[in-house]
Amino acid sequence: MNKNRRLMASALALSIALPAALAGGAEGQSTAQNAQTSGQSTAQVSNDTDVLFMEVATMSNLTEINTSRLALQKSSNARVRAYAQEMITEHTRAQAELNALAAAKGVKLTDKPGADQRIQYNRLTTLSGAAFDAAYKNVQVGGHQMTLDLIETYRSVGKDQQALAYAAKIQPVVARHLAEAKTLP
């Protein structure tokens with residue numbers, strides 16, 4: 001897929017990744033207040049691009065952590081296991097930084113991956129051996145490519161300087177993770 005098509009696809013993903021977010025908040029309350037009182041993430045009651053980016057980045061981090069924990073349990077391939085441990089360590093660190101950024105802004109983030117990501121995880125739980133390793137590789141390549149596309153799109157439309165700085169900081173890390181995932185067996 002060429003770069004323009006990827007950017008269009010990620011822009012579309014950003015706009016539809018959280019369908020509930022498009023509903024907007026209740027009249028007279030801020031989106032942060034809506035999220036705090038309803039138990040929802042801020043993105044579920046907001047259409048703010050910066051908030052949506054933080055939410056989708058969180059879902060990505062949580063997916064990488066969860067699927068990589070599963071890889072440590074299910075894979076016997078040393079390269080897959082080493083990559084999985086790296087994903088757990090680096091995405092845990094990235095999420096801690098994103099949690100701090102969101103908290104400073106009064107943004108409540110989700111605590112679980114998106115529905116499609118949970119379905120991918122469920123599929124991984126049914127596999128073993130080389131079939132697991134191949135499916136895990138596909139999840140990692142697809143997830144990191146989507147995240148890289150999201151970051152590129154967000155950096156062209158985002159407004160929050162701290163969130164933009166976070167995106168700029170993690171972009172080369174995500175690109176490295178993608179390149180590493182492509183070399184997995």
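What accessible surface, in Å², does a 1.4 Å probe find on ASP48, ignoring ligands, DNA and RNA and rounding to the nearest 10?
60
In whole percent, and with a 1.4 Å probe on the protein chains, what portion of the accessible area of segment 39-136 is carbon and sulfur?
C and S fraction of accessible area: 51 percent.
Greater than 29 Å separation of Cα atoms is the criterion. Which listed pairs, LYS108/LYS137; LYS105/LYS182; LYS137/LYS159; LYS74/LYS169; LYS137/LYS169, meet it? Mind dumping the intermediate values first?
Numbers: LYS108/LYS137 31 Å; LYS105/LYS182 36 Å; LYS137/LYS159 33 Å; LYS74/LYS169 31 Å; LYS137/LYS169 24 Å.
Where the Cα-Cα span goes over 29 Å, the pairs concerned are LYS108/LYS137; LYS105/LYS182; LYS137/LYS159; LYS74/LYS169.
ASP116: accessible area at probe 1.4 Å, nearest 10 Å²?
Here the accessible area works out near 100 Å².
Which trypsin sites (Lys or Arg not before Pro) from segment 66-125 combine a DSSP loop assignment with at most 11 other Cβ atoms within 10 Å?
Details: sites: ARG69, LYS74, ARG79, ARG81, ARG93, LYS105, LYS108, ARG118, ARG123; in loops: LYS105, LYS108.
Loop-located and lightly packed - none at all.
Please report the accessible area of TYR83 (heavy atoms, 1.4 Å probe, ligands and nucleic acids excluded) in Å², nearest 10.
10
Counting Lys and Arg as +1 and Asp and Glu as -1, what is the net charge of the other residues whose Cβ lies under 11 Å from the Cβ of LEU184?
Net charge around LEU184: +2.
With a 1.4 Å probe and all protein chains left in place, how much accessible area per residue does segment 93-185 have, in Å²? Please report the intermediate quantities before stating the final value.
Values: 4630 Å² over 93 residues.
On a per-residue basis, 50 Å².
The values are calculated or read from the model by the stated rules, or taken from the named source; none is laboratory data. If you're wondering where the values come from, they're calculated on a predicted model, not measured in any experiment. For neighbour counting, all protein chains shown are included, and Cβ atoms are generated from backbone atoms with ideal geometry for every residue, glycine included. These area figures cover heavy atoms from the full protein model, side chains too; ligands, DNA and RNA do not enter into them. Shrake-Rupley method; radii C 1.70, N 1.55, O 1.52, S 1.80 Å.
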